[in-house]
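**Q** The structure is given below, and queries will be raised subsequently.
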Amino acid sequence: MISAIALTGVLALSACTDSSAPTADETVAPEAEVSFEAGSTMAALNEAGKITIGTKFDQPLFGQVDGSGDPQGFDVEIGKLIAAKLGIPESGITWTETVSANREPFIESGQVDIVVATYTINDKRKEVISFAGPYYNAGQDILVLAGNPGGINGPDDLAGKPVCTVAGSTSEKNIAEYTDQITSLGGYAECLPLVSAGTVAALTTDNVILAGLAANSGGEFEVVGNPFTEEPYGIGLAKDDTDFRMFINDVLEEAYGDGTWAAAWEKTAGAELPLPDPPAVNRY
Ligand code: GLU
């Protein structure tokens, strides 16, 4: 199977192109010469030539479906990078929509092999799944109507006020320390009409998710710009699959070093956000 994938990859390219160059839609060409320890998750995925990746479908910059139905964004690029290092071509990736509340269950049930979905690494989640990464550090922030008519500059200003966020997220948990008037929906974009209508004073979640939603709003919303939590984004995988976790950590470190992580950022989130320094992976 490894050589079949490699051959397909080579034949898809013109004769004068070297086999390591990605095709037009590929960020990274699938690794041709990879071999993994028998019995490992990497060997199983490589042999199948397929991987199922959970990501968000409604978050501009990180994971949002385009007109063709394929998700686009920084999380999607990270997923493609991992697939490529497993020797899996992009055509072998099945993208499954994961929302904030179903990420652990989807990993636990094996519905997805990994989740790359603005997914904060924390100890509670680590009780049931494991995390590679982080590959980005976000922070929770607040989105309000442009001009900030309510004068909201941080979470303390939301005390006792109605706020919208998403069920099963760290955002929902964190904001509960400041207000008990919380509307928790299925996805962050669903909160925007409530902010427009003034039904809630704000939408709160990670700054980079809010940046994408504000940028797409034609100037209707703004982000307060005062992050009040740390949200290190990890890649969720089956609990205690340590070899797979270390493999993904290796992929990230290599991507930090060879410029592919920065290139993935520039072609996605980089449209709105400055290129950050890559965070150190935590190999716990
Ligand atoms: N990063 C936070 C979390 O994992 C908020 C964003 C999200 O819901 O995906 O819960």
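The values are calculated or read from the model by the stated rules, or taken from the named source; none is laboratory data. These numbers were taken from a predicted model, which means no experiment stands behind them. For neighbour counting, all protein chains shown are included, and Cβ atoms are generated from backbone atoms with ideal geometry for every residue, glycine included. Quick note on the areas: whole protein, heavy atoms, side chains included, nothing else; ligands and nucleic acids left out. Shrake-Rupley method; radii C 1.70, N 1.55, O 1.52, S 1.80 Å.
**Q** In this structure, does THR183 turn out to be open to solvent by 40 Å² or more (accessible area, probe 1.4 Å), over 25 Å from ASP75 (Cα atoms) and part of a strand (DSSP E or B)?
**A** Yes; evaluated as a whole, the condition is true for this residue.
**Q** Tell me the residue from LEU192, LEU143 that is assigned to a helix (DSSP H, G or I), over 30 Å from ILE51 (Cβ atoms) and more than 12 Å from the ligand (Cβ to nearest atom), please.
**A** So the residue among LEU192, LEU143 that is assigned to a helix (DSSP H, G or I), over 30 Å from ILE51 (Cβ atoms) and more than 12 Å from the ligand (Cβ to nearest atom) is LEU192.
**Q** Please count how many residues of the range 195-215 are polar (S, T, N, Q) and either open to solvent by 30 Å² or more (accessible area, probe 1.4 Å) or more than 15 Å from the ligand (Cβ to nearest atom) (or both).
**A** Residues in the range 195-215 being polar (S, T, N, Q) and either open to solvent by 30 Å² or more (accessible area, probe 1.4 Å) or more than 15 Å from the ligand (Cβ to nearest atom) (or both): 3 in total.
**Q** Yes or no: GLU77 within 16 Å of the ligand (Cβ to nearest atom), within 24 Å of GLY49 (Cβ to Cβ) and acidic (Asp, Glu)?
**A** So GLU77 fails the test.
**Q** Further question: Just one of GLY257, GLY225 is outside any helix (DSSP H, G or I), over 18 Å from SER100 (Cα atoms) and away from the ligand (no atom under 16 Å from the Cβ); which is it?
**A** Only one candidate passes the filter, namely GLY225.
**Q** Pick from GLY87, GLY67: which is away from the ligand (no atom under 16 Å from the Cβ) and farther than 21 Å from PHE244 by Cβ?
**A** GLY67 is the lone residue from the list that is away from the ligand (no atom under 16 Å from the Cβ) and farther than 21 Å from PHE244 by Cβ.
**Q** Report yes if some residue within the range 156-168 is in a helix (DSSP H, G or I), within 15 Å of the ligand (Cβ to nearest atom) and under 19 Å from GLU230 (Cα atoms); otherwise report no.
**A** Taking every residue of the range 156-168 in turn, none turns out to be in a helix (DSSP H, G or I), within 15 Å of the ligand (Cβ to nearest atom) and under 19 Å from GLU230 (Cα atoms).
Per-residue answers, yes or no, for (1) loosely packed, with under 15 Cβ neighbours inside 10 Å; (2) in contact with a Gly (Cβ under 7 Å, 6 or more places away or on another chain); (3) modelled with pLDDT of 95 or more:
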{"residue": "ALA21", "(1), (2), (3)": "yes, no, no"}
{"residue": "GLU26", "(1), (2), (3)": "no, no, no"}
{"residue": "GLU33", "(1), (2), (3)": "yes, no, no"}
{"residue": "GLY49", "(1), (2), (3)": "no, yes, yes"}
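**Q** Looking only at the range 108-122, count how many residues are within 13 Å of the ligand (Cβ to nearest atom) and over 11 Å from the mean Cα position of the chain (by Cα).
**A** Of the residues in the range 108-122, 2 are within 13 Å of the ligand (Cβ to nearest atom) and over 11 Å from the mean Cα position of the chain (by Cα).
**Q** Continuing with the same structure: Could you please give the count of residues in the range 123-177 that are of a type in the set (A, V, I, L, M, F, W, C) and under 18 Å from the mean Cα position of the chain (by Cα)?
**A** Number of matching residues: 6.
**Q** Hey, any hits in the range 229-242 for a residue that's at pLDDT 95 or above, part of a helix (DSSP H, G or I) and among the hydrophobic types (A, V, I, L, M, F, W, C)?
**A** Within the range 229-242, none of the residues are at pLDDT 95 or above, part of a helix (DSSP H, G or I) and among the hydrophobic types (A, V, I, L, M, F, W, C).
**Q** Answer yes or no: is there a residue in the range 198-216 that is hydroxyl-bearing (Ser, Thr, Tyr), assigned to a helix (DSSP H, G or I) and touching a residue at least 40 places away in the same chain (Cβ under 8 Å).
**A** No; the residues of the range 198-216 include none that is hydroxyl-bearing (Ser, Thr, Tyr), assigned to a helix (DSSP H, G or I) and touching a residue at least 40 places away in the same chain (Cβ under 8 Å).
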